[in-house]
Amino acid sequence: MVADRQLEAQVSQLTQRLEAQSQQHTQELARLSAEAEELRAKLRKELQRRRDSLREQKLDTAFIRQVEWRLTGVSEILRTVPKNKGLYSDKFTILGVPDFMLEFFPQGRDTTSLPGHCSLFLWSNEGVRLKYRLRVGSHSCVDEDTFDGRIAHGHSNFCHLEAQVDKESDSVVIGLEVIEVSHTQEIAPGLRLVNAGPEAALSREADVLRNRHIDTVEWRIRDAVRRTKEVPAGFFICSPLFSIAGVRDLQLEFYPNGLEGSKPGFCGFYVRCPSGQYTLSITLFVGSAKKGPSKTEFNGNAAKGLQTRQTSKM
């Protein structure tokens, strides 16, 4: 009996000790869980602060043409995100055009007809015309679209998602590359701003280099007789802008009936240089009439030229 009572006492002591340790472990686990949640909250706050800081920074986006958006935890996304549920990237600016946004459907949309395929769309504002490449992983396609409002263009059957997931990191990269862009913005009734994109500026600079050894330009005016009847004295017809001999943005001006106050039967022909100082040796022709070569100084946005009789070749 004594042995039984001793054994019961020992069991009771062990039980009490285990209960005390269990309670201590529970308290320690609760403390660690609270610390972990506090750290997660601090991490979320820091990430949000960094995002806000990036948004506030005035980044030079004039030459940024590619965006990459990495989604992590793809297996969890596929498990929890249903079909027809889209995930949105933050808004971003590219090549100076603001408010682009990517919309990604991991399980596809209602219009997705191929099993396992995701959907990808690009949102933009009204007045944007794009030639661009959308990408999920290594799969990409090129499109050309005009955005007539705050709308999205893209593909319901973009690609098979699982084939593009990086299994090691359980992530996928969604990307956009803008190949060409132009942006038209109406800032007041009848007043529009047109941004043709950096390609247009690069094309003009390439023309300057390509035409730097060219020294002659001809401008043929169609229906010259009709133009002479329609355009009164003092008014002119402009050629397109061009570059020649290393000078950019030159323009020809033709006055079919001469300047205001000119003698009847005379026309005028002028060359206009852009703002700046240029000294050129030029020869001007209108039909068979000729002036030059003469050393001509262009100061500022000035035009220099000749007046001559209208020819029968008009």
Note to self: Can I get the semi-axes of region 98-157's equivalent ellipsoid? Compute them from the C-alpha gyration tensor as square roots of 5 times the eigenvalues, in angstrom, largest first.
What the structure shows: 21, 12, 10
Check: Expressed in nm², what is the orientationally averaged projection area of the convex hull enclosing the Cα positions of the chain?
Finding: 30.3
Note to self: Of the candidates Leu191, Leu95, Leu78, which one comes out as most mobile in a Gaussian network treatment of the chain with C-alpha springs shorter than 10 Å?
What the structure shows: Leu191
Margin query: Please give the Cα centre distance for region 82-135 versus region 165-207, rounded to the nearest Å.
Written below: 15
Next item on the list: Rounded to the nearest 500, what is the 222 nm mean residue ellipticity of the chain from helices alone, with -39500 (n - 2.57) per DSSP H run of 4+ residues and division by all residues?
Entry: -9000 deg cm²/dmol
Margin query: I'd like the orientation of helix 2-56 relative to the chain: the angle between its Cα long axis and the longest Cα principal axis, in ° from 0 to 90, rounded to 10.
Written below: 10
Margin query: Probe of 1.4 angstrom, ligands and nucleic acids ignored: what's the accessible area per residue over the chain, in square angstrom?
Written below: 66
Next item on the list: Based on alpha-carbon positions alone, could you give the equivalent ellipsoid semi-axes of region 38-156 from the gyration tensor, as √(5λ), descending, whole Å?
Entry: 25, 23, 12
Margin query: Less than 12 Å Cβ to Cβ from Glu177, Lys/Arg counted +1 and Asp/Glu -1: what total charge do the surrounding residues give?
Written below: +1
Next item on the list: Report, in degrees rounded to the nearest 10, the 0 to 90 angle that the Cα long axis of helix 197-210 makes with the longest principal axis of the chain.
Entry: 40
Next item on the list: Determine the share of region 73-222's accessible area contributed by carbon and sulfur atoms, expressed in whole percent, with a 1.4 angstrom probe.
Entry: 48
Notebook entry, point to check: Ordered by packing density, taken as the mean number of other Cβ atoms within 10 Å over each peptide's residues, highest first, how do 126-135, 236-245 rank?
Noted result: 126-135, 236-245
Notebook entry, point to check: For the residue pair Ser239 and Glu37, what label-to-label distance in nm results when each label sits 7 Å from Cα along the Cα-to-beta-carbon direction?
Noted result: 7.8
Next item on the list: Excluding residues fewer than 8 places away in the same chain, name every one of the lysines whose C-alpha is closer than 30 Å to that of Lys229.
Entry: Lys263, Lys290, Lys291, Lys304, Lys313
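The values are calculated or read from the model by the stated rules, or taken from the named source; none is laboratory data. Nothing here was measured: the structure is a model prediction, and the numbers come from that model. Virtual Cβ from ideal backbone geometry, glycine too; neighbours counted across all protein chains shown. The accessibility values were calculated without ligands, DNA or RNA, using every heavy atom of the protein model including side chains. Shrake-Rupley method; radii C 1.70, N 1.55, O 1.52, S 1.80 Å.
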